[in-house]
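Inspection log for the structure reproduced underneath, given as structure tokens.
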Amino acid sequence: MNKTVVVTGASRGIGRAVSIYYAQNGFNVCICCRKNSEMLEKVRQEILNYGVECIAYTGDIGNFQKCETFFKLIAQSYSKIDILVNNAGISHIGLLQDMSPDEWHNIVEANLTSVFNCCKLAIPIMLSRHAGKIVNISSVWGCVGASTEVAYSATKGGINSFTKALAKELAPSGISVNAISCGMIDTQMNAGFTPEEITEICEEIPCGRMASAEEVGDFAALLLKASPYMTGQIIGFDGGWGV
């Protein structure tokens with residue numbers, strides 16, 4: 001029986017790359033995104049080309065009822081979830097004083113509440129088998145913070161603490177929880193930067209460049225081979241930027 005992976009925020013970027021990598025390695029893949037059904041369907045078709053199954057769902061998983069609908073859909077086809085990759089997220093750039101309460105709640109729900117929702121629903125399934133892996137996609141800004149990205153930094157810092165605490169809860173049951181702290185990744189989320197700004201940022205990165213989404217996907221898949229003894233870790237993937 002093929003293993004099953006759930007990847008959130010999978011219509012593009014890191015989520016798409018992670019989903020494709022797992023499909024290439026024989027996993028049945030369950031993917032979701034907030035609103036871009038057309039892009040998500042393209043990813044589903046790519047996944048199916050590898051001879052595995054794929055469930056696709058469009059809905060805001062920061063909303064518990066919609067997240068529950070996604071997991072009920074998964075349960076109709078699969079009795080287990082081997083891996084959960086919490087990747088869904090949005091950014092917000094601007095001064096905190098100019099941020100509206102609605103914008104604050106929007107990013108918190110998309111980036112942090114979605115992680116709570118998915119973990120709450122996936123954990124009982126993993127506990128029944130005393131096995132499973134949870135990988136949370138975080139950011140270097142969750143460790144050091146970024147000016148004009150206060151809300152984003154706060155949500156990623158929350159994911160880091162969430163990861164460490166949940167790892168302690170689940171370690172006795174053989175379930176690992178880790179986070180990947182990404183640096184500058186060449187995705188649409190960073191498309192708002194000008195070429196000059198990208199150049200300036202890359203000059204600060206010891207590796208001298210952005211990473212591709214595919215590189216993050218490859219790295220996330222490496223955690224497949226890790227023992228459950230590796231848990232509660234915030235693993236930097238930033239080209240030396242956050243050292």
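The values are calculated or read from the model by the stated rules, or taken from the named source; none is laboratory data. Computed from a prediction, not measured in an experiment: that's the story for all the values here. With ideal geometry, Cβ positions are generated from the backbone for all residues, glycine too; neighbour counts draw on all protein chains shown. SASA here: full protein model, heavy atoms, side chains in, ligands and nucleic acids out. Shrake-Rupley method; radii C 1.70, N 1.55, O 1.52, S 1.80 Å.
Take residue 26 and decide whether it is open to solvent by 20 Å² or more (accessible area, probe 1.4 Å), part of a loop (DSSP other than H, G, I, E, B) and farther than 23 Å from residue 216 by Cα.
no
A quick yes/no check of all residues on (1) without any contact (Cβ under 8 Å) to a residue 60 or more places away in the chain; (2) within 16 Å of the chain's Cα centre (by Cα):
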{"site": "30", "(1), (2)": "yes, yes"}
{"site": "44", "(1), (2)": "yes, no"}
{"site": "47", "(1), (2)": "yes, no"}
{"site": "54", "(1), (2)": "yes, no"}
{"site": "77", "(1), (2)": "yes, no"}
{"site": "83", "(1), (2)": "no, yes"}
{"site": "99", "(1), (2)": "yes, no"}
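Return the only residue of 81, 55, 74, 134 being in a helix (DSSP H, G or I) and closer than 20 Å to residue 16 by Cα.
Matching residue, one of 81, 55, 74, 134: 74.
To keep it simple, each residue is scored yes or no on (1) among the polar types (S, T, N, Q); (2) surrounded by 21 or more Cβ atoms within 10 Å (Cβ to Cβ); (3) out of contact with any Gly (no Cβ under 6 Å at 6 or more places or on another chain); (4) under 18 Å from residue 33 (Cα atoms).
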position	(1), (2), (3), (4)
66	no, no, no, yes
90	no, no, yes, yes
96	no, no, yes, no
111	yes, yes, no, yes
117	yes, yes, yes, yes
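Considering (1) at pLDDT 85 or above; (2) within 21 Å of residue 22 (Cβ to Cβ); (3) buried (at least 16 other Cβ atoms within 10 Å of the Cβ), say which one residue 221 fails and leave the rest.
Here residue 221 clears every test but (1).
Could you tell me how many of the residues in the stretch 120-138 are open to solvent by 10 Å² or more (accessible area, probe 1.4 Å), in contact with a helix residue (DSSP H, G or I) (Cβ under 7 Å, 6 or more places away or on another chain) and not hydrophobic (A, V, I, L, M, F, W, C)?
3
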